[in-house]
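Heads up, the thing below is written out as structure tokens.
Values in this text are rule-based calculations from the coordinates and carry no lab data. What you are looking at is a predicted structure, and each value in this text was computed from that prediction instead of being measured. Cβ placement follows ideal geometry from the backbone for every residue including glycine, while neighbour counts extend to all protein chains displayed.
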Amino acid sequence: MARMSVEPSHIHRVPGPPMRRPRRSDAPALAALANDWEIAKNLRDAFPHPYTLADAEGYLARCESGEIPQSFTIAVDDRLVGGCGLKMQTDIERCSAEIGYWLGKPYWGRGLATAAVRAVTEYAFEHLGLLRVYALPFEENLASARVLEKAGYVREGVLRNAAIKSGRPKNMIMFAITRSP
Ligand SMILES: CC(C)(COP(=O)(O)OP(=O)(O)OC[C@H]1O[C@@H](n2cnc3c(N)ncnc32)[C@H](O)[C@@H]1OP(=O)(O)O)[C@@H](O)C(=O)NCCC(=O)NCCS
């Protein structure tokens, strides 16, 4: 059974979170696993495809510099297998963040994404003081919808034609979890 790393310490109270901060040394594993259309097709275009080693190094440098502060590596035996992060909202929506996540295909179906979403959601509420975390999977992304349901998110509605991916309009589903102030 693979050992899951538990880091950073401020999300250590969540049972079994396979999370740690990204490191520059994650670049080869990141480039190898992220270069997969089955992953990229479900994400924003900011997640490049093809995904090169230079893309990985650039992303990890931005994480290290603090430009992308709420970004975590999902790790098995300390090796990067995916990512999960929060995009903090601003102005009157500063009480909320969008959660995003992906996992390398060889690691799908083990509950890792659900564990990651649970851990980062608890971190958002307990340590960032947020009141709402939401996700916007494409309507056809049933695996992602299932992850969110398992992590306690509620389906709030359909955002019709809310995005364009590969030149095609996409419906997005708003899933959210909230806490009382
Ligand atoms: C979505 C993703 C993160 C799921 O990762 P994972 O670690 O396999 O997820 P989990 O194992 O925690 O849970 C997946 C659930 O989806 C279910 N599932 C998988 N494929 C499915 C499908 N086609 N239809 C319905 N349910 C599906 C699984 O059975 C499982 O549910 P269960 O535990 O009730 O059986 C992964 O597939 C991925 O990286 N996809 C590409 C990127 C992406 O879509 N990111 C999210 C953008 S919003």
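Identify all residues within region 164-181 that are touching a residue at least 40 places away in the same chain (Cβ under 8 Å) and surrounded by 10 or more Cβ atoms within 10 Å (Cβ to Cβ); write none if there are none. Scanning region 164-181 gives Lys165, Ser166, Met174, Phe175, Ala176, Ile177, Thr178, Arg179. Can you name the residue in region 87-114 that is part of a loop (DSSP other than H, G, I, E, B) and more than 10 Å from the ligand (Cβ to nearest atom) and, of all such residues, is surrounded by the fewest Cβ atoms within 10 Å (Cβ to Cβ)? By that ranking, first place goes to Thr90. For the structure I just gave you, tell me whether Glu122 is more than 7 Å from the ligand (Cβ to nearest atom), over 23 Å from Leu33 (Cβ atoms) and touching a residue at least 60 places away in the same chain (Cβ under 8 Å). Here the answer is yes, as Glu122 does meet what is asked. Glu149 falls short on exactly one of the conditions (1) in a helix (DSSP H, G or I); (2) crowded, with 17+ Cβ neighbours inside 10 Å; (3) not small (Gly, Ala, Ser), and that condition is (2). So, in region 56-69, how many residues would count as being in a helix (DSSP H, G or I), more than 12 Å from Ala29 (Cα to Cα) and not hydrophobic (A, V, I, L, M, F, W, C)? Within region 56-69, residues that are in a helix (DSSP H, G or I), more than 12 Å from Ala29 (Cα to Cα) and not hydrophobic (A, V, I, L, M, F, W, C) number 4.
Only one of the numbered conditions (1) of a type outside the set (Ser, Thr, Tyr); (2) surrounded by fewer than 14 Cβ atoms within 10 Å (Cβ to Cβ); (3) under 20 Å from Ala40 (Cα atoms) is not met by Glu156, and that is (3).
Could you please give the count of residues in region 134-160 that are of a type in the set (Lys, Arg) and near the ligand (Cβ under 8 Å from one of its atoms)?
Applying the first criterion (of a type in the set (Lys, Arg)) to region 134-160 yields 146, 150, 155, 160.
Those left that are additionally near the ligand (Cβ under 8 Å from one of its atoms): 146, 150.
Residues flagged as of a type in the set (Lys, Arg) and near the ligand (Cβ under 8 Å from one of its atoms) within region 134-160 amount to 2.
Taking (1) within 13 Å of the chain's Cα centre (by Cα); (2) surrounded by 14 or more Cβ atoms within 10 Å (Cβ to Cβ); (3) not in a helix (DSSP H, G or I) in turn, Arg44 satisfies each apart from (2).
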